[in-house]
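Okay, structure first, notes after.
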Amino acid sequence: MTLPTYDQLMLPLMKLLSEQQKAIKISVVAEMLALRSGLTEEELSTTLPSGKNIFRDRVSWAKTYLVKAGLVNQPQRAFCELSQLGRNIDLSKLNSITNEYLMDFEGFSDFKLGNSENLKTDNLHEQIKSIEKTQTPEEIIDKTSNILISSLKPELLNLIKNNSPQFFEKLVVDLLVAMGYGGSHQDAAKAIGKTNDGGIDGIISEDRLGLDKIYIQAKRWENIVHRPEIHKFLGALTDKKAKKGVFITTSDFSSGAKETAKNSDIVLINGELLTTLMIEFGLGVQIERSFHIYRIDQDRFDEESF
């Protein structure tokens, strides 16, 4: 038999979850789907060149796509369950679940296309097919890379939220130093971690010489940060006679908070940007695999160069 593709696994995965009374580990899901697949042990043990098991990897991607569509929830790391939206779907009437089917769900369309507001909703599927047909191989690689990164960010954010405030303090220190702020790691660590409110406050050097300072406030929050919190931060900046500030949160900022910060020298870093920076600076992530795109070295074939 041929290994099922990730999209061929989405309906079996949802049906399996519909049978469960509570969240179940994705590793258990993969094992149960493997037992139901009719595949041989040899087929199920097939791996990618990187060594990753293909079947389990495809189950994981099937889960990821269903999560993006809002049909599956991840109540905690490595666990999944049907969402209420997923339970409202009559699975017995479906022959399969495809990417085209999932495009009807806003979360998935945003995941696949970025912000889809500029696409005409009355002909969305045709436009998607057209985009895919006109993409160059390099564009497809870039798009696939973006999808991989987009799927990684929520997992990173959940890991941050599930750790202690002290872990968050160290994470912020590590990120700021990786970005070139705070002088040495030791200096940055001394400047941060002065409050006991589950977040951090401190002043950090903008450069290694300490010629300018940046006031830092970070909140490991679930709730949206509103305008009053930014006003308080502005007051703290005034008291410290600081010119620049960075407010970091694991959640997000309200429109009022963004407007207030925009009119001052405050940079806002929400959970989305935080994970983007972590990936950009290699914090909390590892390169699993890299690709090289080759082109002809014309100089090597120029006889005059020999």
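List of remarks:
- For region 15-85: lysine pairs under 19 Å (alpha-carbon distance), excluding those fewer than 8 apart on one chain: 8
- Where a label projected 7 Å from the Cα of Glu206 along Cα→Cβ would reach, residues of region 218-255 with amide N under 12 Å: 242-246
- Taking other Cβ atoms within 10 Å as a rough exposure proxy, His292, His226 sort from fewest to most as His292, His226.
- Taken along the Cα-to-beta-carbon direction at a fixed 7 Å, the label points for Phe281 and Asp265 span 2.0 nm.
- Fewest neighbouring Cβ atoms within 10 Å first, the residues Ile141, Ile266 line up as Ile141, Ile266.
- Taking Ser164, Ser92, Ser251 and counting other C-beta atoms within 10 Å, the order from fewest to most: Ser92, Ser164, Ser251
Read-outs: derived from the displayed coordinates by stated rules, not from any lab. Quick caveat, the model's predicted, so the values are computed rather than measured. As a convention, Cβ positions derive from the backbone with ideal geometry for all residues, glycine included, and neighbour counts pool all protein chains shown.
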